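Working notes, beginning with the structure itself.
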Amino acid sequence: MPSRRNLQKSLVSALLCTGSLASAGLVYVSSYSQTVTTLNYTHGQNAGIQKLSPVAVSQGCSDNPSWLTLDEAGSVLYCLNEGLNTPNGALTAFKTTPGGPLQELGQVTTPNGPVSGVVFGNNRKGLAVAHYGGSAFTTWDVSNPNALKLLQTKAFNLTGPPTVPDRQDAPHPHEAVLDPTGKFLLVPDLGMDLVHLYSFNPDTLALKDIAPISVKPGSGPRHIAFAVKGKKTFAYLVTELGNTIIGYNVTYRNGQIKFTEIFNIPTHGPGPAEPSSYAAAEIAVSPDSNYLIISSRAENSSTIPDFDDPSKTIPSDPLINFKINPTTGQLQLLQIVPAGGRFPRQFSINKEGNLLAVGLQDDGRVVFVDRCPDTGLLGGFMAYADIAGQITSAVFDDA
């Protein structure tokens with residue numbers, strides 16, 4: 001196998017797919033510029049790199065939109081306002097429409113720093129939220145999006161001196177995730193080097209504490225993703241401070257969930273530890289659970305043509321693409337490719353698995369990356385959109 005550093009561009013041109021890959025839909029983009037922007041994309045219909053223009057822009061999410069959670073079945077988009085310059089955050093519910101405009105339904109104040117949310121419970125009537133700045137985890141009754149109600153607040157406190165004082169000065173829950181069975185909630189905590197675990201009553205949404213998952217001190221857990229292969233379930237945790245991927249075998253017995261660590265590798269694959277200046281960000285598993293992709297920030301590992309002026313070049317951080325072994329859960333490095341610019345804070349994969357929407361925080365841009373579902377390989381850039389402010393999330397609405 002080639003060395004992991006030599007895979008930067010070696011496979012980009014090897015994108016070979018069979019069958020039709022045409023798809024279209026909407027993408028919602030949050031930005032610290034007080035906006036949620038709707039884009040309309042078409043994949044596989046045009047030659048060259050398309051420049052997309054917004055079809056709608058909403059400022060209803062307030063000052064610092066940090067995360068978008070889409071309930072496609074209910075046609076509701078939940079937007080979290082991080083509240084970077086205020087003591088509180090906010091949660092806003094929008095009605096989505098086929099044309100793209102968002103209609104505000106309800107808004108409530110939250111503890112400070114909400115950065116991630118996930119719908120859970122029977123009839124999708126609960127929303128779980130991680131609060132990075134507020135050192136808390138909250139749950140909400142969203143059965144009526146016009147009248148959002150706080151259910152529970154879990155406040156966290158440090159239990160010992162931080163390993164990385166400037167980043168672990170307090171608990172920093174970074175994501176709220178639902179496991180594949182829909183029965184357990186996970187909250188990676190960058191400040192505490194833990195993944196908090198909860199079960200819940202699917203009707204009342206009441207939480208029950210489970211012993212958390214501990215990781216190596218100074219790792220800084222950020223996000224987690226699951227892959228289900230037949231009767232086997234694997235979980236993959238990306239750490240921001242350690243720049244590692246921790247793999248787990250997940251088992252269920254007698255209504256309980258258990259995580260058994262199977263590996264801990266650098267985000268670029270087995271080999272030397274990553275420089276501490278890197279900052280791993282998003283992790284996602286492909287719709288078929290065969291591949292896993294990581295984004296990494298602050299690397300400036302390649303240059304690409306400027307989208308607005310191809311005669312110039314711009315720096316780009318990478319996307320790191322792995323194949324998942326369906327038997328062992330181990331990862332095989334496939335390729336390391338440009339993400340399309342600087343600081344790919346978050347990205348999403350569409351349902352067809354043929355396109356990534358990458359939010360580039362420092363460039364104020366969303367870039368669409370071609371992907372072959374057959375091989376798992378990432379290809380060229382299909383489209384882009386320049387959006388004011390720092391991009392925080394981009395989610396597909398392709399129901």
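With the cut-off at 1.5 for a/c, could you classify segment 231-310 from its C-alpha gyration tensor as rounded, prolate or oblate?
Values: a/c = 3.23, a/b = 1.88, b/c = 1.71.
Prolate.
Roll a 1.4 angstrom probe over the protein heavy atoms and tell me the percent of accessible area of segment 167-249 that is carbon or sulfur.
Details: 1440 of 2680 Å².
The computed percentage sits at 54.
Count charges around ASP362 for me, please; just the other residues with Cβ under 11 Å from its Cβ, Lys/Arg as +1, Asp/Glu as -1. Mind showing how you got there, number by number?
Details: positive: ARG297, ARG342, ARG345, ARG365; negative: ASP317, ASP363.
Its environment carries a net charge of +2.
At a Förster radius of 22 Å, what calculated FRET efficiency corresponds to the Cβ-Cβ distance of ASP288 and THR42, to the nearest 0.05? Walk me through the numbers on the way to the answer.
Working: r = 23 Å, r/R0 = 1.04.
The formula returns an efficiency of 0.45 here.
Within segment 335-373, whose backbone N sits under 17 Å from a point 7 Å along Cα→Cβ of THR313?
What the label zone holds, given the 17 Å backbone N cut-off, is 337-342.
In nanometres, what is the gap between the two model label sites at ASP169 and THR109, each 7 Å from Cα along Cα-to-Cβ?
2.4 nm
Estimate the FRET efficiency between LYS208 and LYS95 by the formula 1/(1 + (r/R0)^6), using the beta-carbon distance for r and 30 Å for R0, to the nearest 0.05.
Numbers: r = 33 Å, r/R0 = 1.08.
Approximately 0.40, to the nearest 0.05.
Percent of accessible area on segment 275-399 owned by carbon and sulfur, 1.4 Å probe? Write out the running numbers ahead of the final one.
Details: 1810 of 3740 Å².
Answer for segment 275-399: carbon and sulfur cover 48 percent of the accessible area.
Within 15 Å, Cβ to Cβ, of LEU190, how many net charges do the neighbouring residues add up to if Lys/Arg are +1 and Asp/Glu are -1? Show your work: numbers first, answer last.
On the way: positive: ARG167, LYS216, ARG222, ARG297, ARG345; negative: GLU82, ASP166, ASP169, GLU175, ASP189, ASP193, GLU240, GLU282.
That works out to -3.
Which trypsin sites (Lys or Arg not before Pro) in segment 203-247 sit in a loop by DSSP (not H, G, I, E or B) and have at most 14 other Cβ atoms within 10 Å of their own Cβ?
Those satisfying the criteria are LYS231.
Using a ≥ b ≥ c from the Cα gyration tensor of segment 35-97 (square roots of the eigenvalues), is it rounded, prolate or oblate, where a/c under 1.5 gives rounded and otherwise the larger of a/b and b/c decides, a/b for prolate? Can you show the working numbers first?
On the way: a/c = 3.03, a/b = 1.81, b/c = 1.67.
Cα axes put segment 35-97 in the prolate bin.
Just report the Cα centroid separation between segment 309-377 and segment 54-113, whole Å.
So the separation of the two Cα centres works out to 25 Å.
Which order do VAL108, VAL57, VAL29 take by accessible area at a 1.4 Å probe, largest first? Please list the in-between numbers first.
Details: VAL108 30, VAL57 90, VAL29 0 Å².
Putting VAL108, VAL57, VAL29 in descending order of accessible area: VAL57, VAL108, VAL29.
If you count only protein heavy atoms and use a 1.4 Å probe, how large is the accessible surface of ASP169, to the nearest 10 Å²?
100 Å²
Can you bin segment 173-253 into rounded, prolate or oblate? Criterion: square roots of the alpha carbon gyration tensor eigenvalues sorted a ≥ b ≥ c, rounded for a/c under 1.5, prolate for a/b above b/c, oblate for the rest. The partial results should precede the final answer.
Values: a/c = 2.23, a/b = 1.30, b/c = 1.72.
Oblate shape, in that a/c is at least 1.5 and b/c is the bigger or equal ratio.
Just grab the label-to-label distance for ASP362 and ASN325, each label 7 Å out from Cα along the Cβ direction, in nm (one decimal).
About 3.5 nm separates the two model spin labels.
What is the spin-label model distance, in nm, from LYS51 to THR303 if the labels are put 7 Å beyond Cα along the C-beta direction?
About 2.2 nm, to one decimal.
Just checking my list (1) 50, 22, 17; (2) 29, 26, 21; (3) 44, 21, 18 against semi-axes √(5λ) of the Cα gyration tensor in Å computed from this structure; which label fits?
(2)
Ignoring ligands, DNA and RNA, how do ARG297, ARG167 rank by accessible area with a 1.4 Å probe, largest first? Mind dumping the intermediate values first?
On the way: ARG297 15, ARG167 70 Å².
Ranked list, largest accessible area first: ARG167, ARG297.
Around VAL142, what is the net charge, scoring Lys/Arg as +1 and Asp/Glu as -1 over all other residues with Cβ under 9 Å from its Cβ?
Values: positive: ARG124, LYS125, LYS149; negative: ASP71, ASP141.
In short, +1.
What number comes out for accessible area per residue over segment 266-352 if the probe is 1.4 Å? Units Å², please. Don't jump to the answer; show the numbers that get you there.
Numbers: 3110 Å² over 87 residues.
I get 36 Å² per residue for this part.
The values are calculated or read from the model by the stated rules, or taken from the named source; none is laboratory data. Everything numeric in this text was worked out from a predicted model, so none of it was measured. Counting neighbours? That spans all protein chains shown, and the Cβs are built from the backbone with ideal geometry, glycine included. Note: areas computed on protein heavy atoms with side chains; ligands, DNA, RNA excluded. Shrake-Rupley method; radii C 1.70, N 1.55, O 1.52, S 1.80 Å.
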